[in-house]
1. Specify the residue with the greatest mean-square fluctuation among B:Tyr160, B:Tyr77, B:Tyr36, computed from a Gaussian network of chain B linking alpha-carbon atoms under 10 Å apart.
2. Sticking with the crude label model, points 7 Å out along Cα→Cβ, report the distance from A:Leu201 to B:Lys29 in nm, one decimal please.
3. If you put a point 7 Å past Cα along the Cβ direction, how far is that point for B:Ser175 from the same point in each other copy, in nm, smallest first?
4. Rank B:Gln154, B:Gln184, B:Gln165 by mean-square fluctuation in a GNM of chain B with C-alpha springs under 10 angstrom and give only the top-ranked residue.
5. How large is the Kirkwood hydrodynamic radius of the range B:2-161, in angstrom, based on all distinct alpha carbon pairs?
6. Which cross-chain or sequence-distant (5 or more) residues have an amide H under 5 Å from the amide H of B:His203, H modelled 1.01 Å from N in plane?
7. Could you work out the mean count of beta carbons from other protein chains within 10 Å of each residue's beta carbon in B:134-144?
8. Which whole-number percent is the relative contact order of the range B:173-246 (Cα, under 8 Å, 6+ apart)?
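What follows draws every value from the coordinates through simple rules; no lab data is involved. Given the structure is predicted, the values throughout are model-derived calculations rather than measurements. Positions of Cβ are generated from backbone atoms using ideal geometry, with glycine treated the same way; all protein chains shown enter the neighbour counts.
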There are 2 protein chains.
Amino acid sequence: MKFSTKIFNSHSKADGDFFLEMKKILGFKPKNINIYKKAFLHRSLNKKDLNGNPLNYERLEFLGDAMLGTIISKHLYNEVPDGDEGYLTKMRSKIVSRKHLNELGRDLKLLNLVESRIPKSHFGENIHGNVFEAVIGAIYLDRGYHYCEKFINQRVIEPYVDIEQLEGKVISYKSLVIEWCQKQKKNFHYDVYEDTGNDELKHFAVKLSIEDRIAAKARATSKKKAEEKASKRAYFALQNKIEATQS
Amino acid sequence: MKFSTKIFNSHSKADGDFFLEMKKILGFKPKNINIYKKAFLHRSLNKKDLNGNPLNYERLEFLGDAMLGTIISKHLYNEVPDGDEGYLTKMRSKIVSRKHLNELGRDLKLLNLVESRIPKSHFGENIHGNVFEAVIGAIYLDRGYHYCEKFINQRVIEPYVDIEQLEGKVISYKSLVIEWCQKQKKNFHYDVYEDTGNDELKHFAVKLSIEDRIAAKARATSKKKAEEKASKRAYFALQNKIEATQS
């Protein structure tokens, strides 16, 4: 009796933990949590469902990959009105590149949730991106198109997709801001501190001050990203000033 | 005065015709008809919008291609629970092959609506599929995801996507039905007639009678497709009988 209670409790606690973890990653409540569990099952487990069908994240990855491509396509269509089909295709490839998706999956620490028979250290880099796509596939099945769009906007487009940077026109907003401050002989200061807040994922907050006044604030999952985000905001806020001094 | 009235009338009549034509193709009312107009502008026209951006169907085709892939992926995910990622990818490629999309676009007579500077006879086959994808892109922008799913279900999946046929397990339901009738010494008869009804697109209806009783009816845009559809219906209705005679 004691034994079965223990199993029951530990099982439901693990389930509860997974639910909370997913809620943090997704930014909304999962409806059918079992779909998300599948997104973390590695094929090495050799799991099967009741009908004998393979149970791992690869089919969800197939689905998520397609949905991610669609949402990014729509974003590019709207944001780059002068880009032709070939150009849009090239930009999309950059955004959904293996390297970029691995970064996104790593930032969300998805690997922590992966269940596998082989040690996680044996995985290549691509596991991060593959599981990231599988999570999108799970959202699609669980909550439909609009939640996918919301998730991709929040986790991919808003923090990381910058058309000008992708086009190579701007390498780094931080360097642009520093360059301007130095030319204008303005003092500036990046104040970085950890600010994880309610988010389970580690976050950093940055305050960028120019002439001792806060020019912009930002928050992201790494110091570098938070600084770049704050710099971008400051850059656009200052753009009129910068352009005036350049002309 | 008379002249300008004439221009106005002819313009609005053409617009009205286009709207009705699109309503028939789509199966629902367009909201912003201008988006659909773009889906039929060939690059040879060299049209530009007010901001000087190129105005032709190629960007919409980029968008529609992605959305079509997503909807088909979801369909396959649900319909083929035992297929792994590689298998699903292969099946999707078959469904969205150039050849298949050209067939779909040709059936809907989309070429009739294409505006171009070069004669339509000079186009290759791919214009049909490209414009078909552009129409899906236009639906996505005008009415969103769910209308795309509805359209693709009605125009692609329901009439043409047969997993067993794609897998090569069944070449033709018509031949299966005929074979069974001949073995069983049952008389059968395909009765085909044009039945365009309210649909502007030419349609054919088929009644398949076995032993002078109607076994199945179907309707499609070609005689061959209608016969195949009726045969498939009859096949599934008769399946128990057929399996009983085979074992």
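1. Comparing B:Tyr160, B:Tyr77, B:Tyr36 in the GNM, the peak value goes to B:Tyr77.
2. It works out to 4.3 nm between the two label points.
3. Shortest to longest, the spacings are 6.4 nm.
4. Greatest mean-square fluctuation among the candidates belongs to B:Gln184.
5. 16.7 Å
6. The list, which skips near neighbours in sequence, is B:Asp195, B:Thr196.
7. Numbers: counts 0, 0, 0, 3, 0, 0, 4, 3, 0, 0, 3.
Mean shielding by partner chains, rounded to a whole number: 1.
8. On the way: 119 pairs, mean separation 20.1, N = 74.
Here the relative contact order equals 27 percent.
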